[in-house]
Structure formats: structure tokens, C-alpha cells
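The values are calculated or read from the model by the stated rules, or taken from the named source; none is laboratory data. These figures come from a predicted structure and were not determined experimentally. Positions of Cβ are generated from backbone atoms using ideal geometry, with glycine treated the same way; all protein chains shown enter the neighbour counts. When the accessible area is computed, the model is the full protein with side chains, heavy atoms only, and any ligands, DNA or RNA have been set aside. Shrake-Rupley method; radii C 1.70, N 1.55, O 1.52, S 1.80 Å.
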Amino acid sequence: MAPDFEFFRYARLDENALSAIFAEMLRPEGSHGQGQTFLRLFLETVGLDTLSPPPAVDVETESQANGQRRIDIVVRADKFVIVIENKPWAWDQDDQLRDYAAFVRSLPGVGENWWMVYLSNREPEERSLPAHERKVMVEDGHLVEVDFRQVAAWVEACAKETRALRVRVFLEELGKFVRHDINGELQLNEDEEVKKVALASSESIESTMALTRAMSGVRIELLRQLRDGIHEQIKRREQGVQLVWETAALESFKRGAGFGFKLHDDQDIQLRFQFERSGLNGFSWGFRRDDESTMSDPTRWENISRTMSRHAGGGKASPWWPWYSDVPDSRFDASYRDWEWSPKPWVDIHSGSLARRLVECALEVYSVFDIALLRPGWGRMVIG
């Protein structure tokens, strides 16, 4: 039987790949061969079931908007337009949803027949769409917020209505991936086994509750083990790399908490590992400027991004990060994405393997850089 086997654990599935899969599902002429079924089920899932899928539908990915922006998925029909922003892990960018809304409103002939579907387990951020604008768009029905439990339900509904065996198996695996790797749900057999043990007796219930209360302390102690393990690995290698550790933020599990590595004290851009969500969730890594005093220079950002892309593969960029990668990626699989739910990072901390892996990563990455690029005055150094 193999109920624990998941195909997508062995395939690199980032946000772009996930958007490409969703877009293909929404295409009536897509390779799935199910016609309008998946699009119809999607409209029902997001509460737009009054829209009847027309004969002609165009579905695009990475559709350009307002010059700089790229919308994950755009569904265009004669009588309506739906833009879909897929956010299983990443955070919003400044004015991102506001710009998308302005773009779709400006399309000729759209009028009021447009909708923006926001796929995320979080609410849109204030910096992406101000609260008062979000309120108006929700009340007018133009903004539809959908979490990934609903996405999983849509994928599973599609699987049930699929006649082609290959497509049905693919969708069943995709549904498991969404529930397990995005939503952090336990596999059904794991969940049932844990409940069975916890409810076995009064003593086991007491033990379970005591363990639950102690978990924050256990995580803090393991974080300290990680810090000390990194220091030990650096000492063994006799390398000049320095650990930058945010004790207060990490031990309170705050959003944006993290740690980094520097080669020089005066670096204003450092290699950083950060949790984008509270609870030590949303693990990502890359090069990040220290504070607002470091300007986000396009040429400098491009040089850093080019170097990292050659070394570590394609990443993303933002005003704070010249290059960053959301987990899962080539270095960290999906079990590292959300530490609140996954045992893998904690087991690797306890064994010492994560400290070793992080230091090796830091030394390897810094070895491909001209360190002048990461220090203040880099432009003068390059010109000189």
C-alpha cells in the first residue's frame, strides 16, 4: 500500500511551478482533457459560480501588468477577467495587490466584470493593499480571499471528477502536497496514530498536555543548540565567517526573525536565513541589506543576483533582498519550510547536521563573491 508516499516530495515545486499547474488545470483545452470541469469547480470554490465558463477562455501565467509587475495567473473571457495571486509561502510586495487591481480595472471593456482571487493562508498585507481599500474591494466582491484548505478541496474535487487515471493520480498527489507541505496538516494515518496514543488513557492525556505546554521551551533550547553548534562548526574550520544571531526575535518566534553570516563587521549586505511568518514558519534565505541606510542600488542588486543565480539557481529579488529563495529549493526541501509543524529541522538540529550544513552553505556562497560587492562604498571600489 505505501500511504506515506508522496510524489511531490521528490519534485521541486515552488510557487511558479504551482501557478503553472493551476493555470493548466483552468484551461478548458488543457492537457488534462477534462474540458471546462476544473474551471467550473474553481469558480464554485471561490464563490463565483454565477459565472458560466464560456466557450473561449485564455489563461496566462506571469502576465505583465503596469510594466514592472507580473501577475501569477490571468483568466480572460469575453465577459470577465479573473486575476489570481498565488501566495502559498511568499509575502506580498509593496503596493502589489493595489497595482494589480489598477491594472485589471484599466483593461478595455472590463467595466465591473473583474475579480482578483488571492490564494493564501494569510490575509493580504497592509503594504500591498491598504485596509480601507481592501474592505471596499471585499464588499464590492472584487477581492476574493481563498485559503489553501479551499484550494486542496478544489484539487480533490477535480480528482474525483477526472476520468483519466494518470490525471486523477496526479491531482490526488497534488492535493496531498497542498495539505501536507503548504497547510502543515499531518497525513491521515499519522494524525490518527497520534490521537490514538494521546487518548489511550488518562495518564497519556495528561502527558500529552504537559508535552504541549513544554514545546515552546523545547524549541528554544534546540535553537540555542543550533546557535552553539554553528559557533563550534565555525571554530573547527578556522574560517573568518561570523554568526549574526537574533536571540530575542528567534526565541519569541516573531515574524521576520532570523540569523545571518558575515565575513566582515562592516558588511551592509549579509547572507541571511529568515522566517517570514511568526511561529518560525516561512523559512527563506538569501542576501539581505542590514537596514534602511543601505540603498537598494539596481546595479549592485543585479550583480549580486547574477552571482547567486549562477551559483544557487534562480531566485527572487525585492528592495530588501538582492537575491533570495523561498524554501523548498535546491538546498532545502519542503520539510524545512514551516518549522512550527515539521519535525525535520529540530531532528537535524539535535543531531548537529543542520549547524554543519548552514556553515558549509555560508562558506560556499561567500567563496564565489567579491566581498567588496557586499561592503559600503562598493561602487567606488569597482570604479577605482
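Worth pointing out:
- Taking the 1.4 Å solvent-accessible surface of segment 21-130 as the whole, the part contributed by carbon and sulfur is 44%.
- Percent of Cα-Cα distances greater than 18 Å, calculated over segment 173-308: 71
- When Val144, Val359 are compared by accessible surface with a 1.4 Å probe, the order from highest to lowest is Val144, Val359.
- Estimated vicinal HN-Hα couplings, Hz - segment 71-82 in sequence order (Karplus 6.51, -1.76, 1.60; Gly, Pro = x): 7, 4, 9, 10, 10, 10, 9, 4, 10, 7, 9, 10
- Accessible surface computed residue by residue for segment 169-325, with neighbouring protein chains in place and a 1.4 Å probe, gives 51 Å² per residue.
- All-pairs alpha carbon distance profile, segment 94-183, 5 Å steps from 0, percent: 3, 13, 18, 17, 13, 13, 12, 9, 2, 0
- Phi-derived couplings, Karplus 6.51 cos²θ - 1.76 cosθ + 1.60 at θ = phi - 60°, listed residue by residue for segment 352-364: x, 6, 6, 4, 4, 5, 5, 5, 4, 4, 4, 5, 5 Hz, with x used for Gly and Pro.
- For the chain, the 222 nm mean residue ellipticity estimated from helices alone, with every DSSP H stretch of n ≥ 4 adding -39500 (n - 2.57) and the total spread over all residues, rounds to -13500 deg cm²/dmol.
- Amide hydrogen proximity for Glu185: with H placed 1.01 Å from N in the peptide plane, the residues at 5 or more positions away or on another chain lying under 5 Å are His180.
- Derived scalar couplings ³J(HN,Hα) [segment 99-106; Karplus, 6.51 cos²θ - 1.76 cosθ + 1.60; whole Hz; x for Gly, Pro]: 5, 4, 4, 4, 5, 5, 5, 7
- From most to least packed by mean Cβ count within 10 Å, the peptides 111-121, 159-169, 218-228 give 111-121, 218-228, 159-169.
- Under 5 Å from the amide H of Leu13 lies no amide H of any residue 5 or more positions distant or on a separate chain, with H modelled from the backbone and absent for Pro and chain starts.
- Measuring nothing but how far apart in sequence close Cα pairs (under 8 Å, 6+ apart) lie, relative to its length, the chain scores a relative contact order of 12 percent.
- Here Phe170 sits with roughly 80 square angstrom of accessible surface, probe radius 1.4 Å.
- Inter-centroid distance (Cα atoms) of segment 105-178 relative to segment 50-95, Å: 10
- Three-way shape call for the chain based on the alpha-carbon gyration tensor, with the a/c threshold at 1.5: oblate
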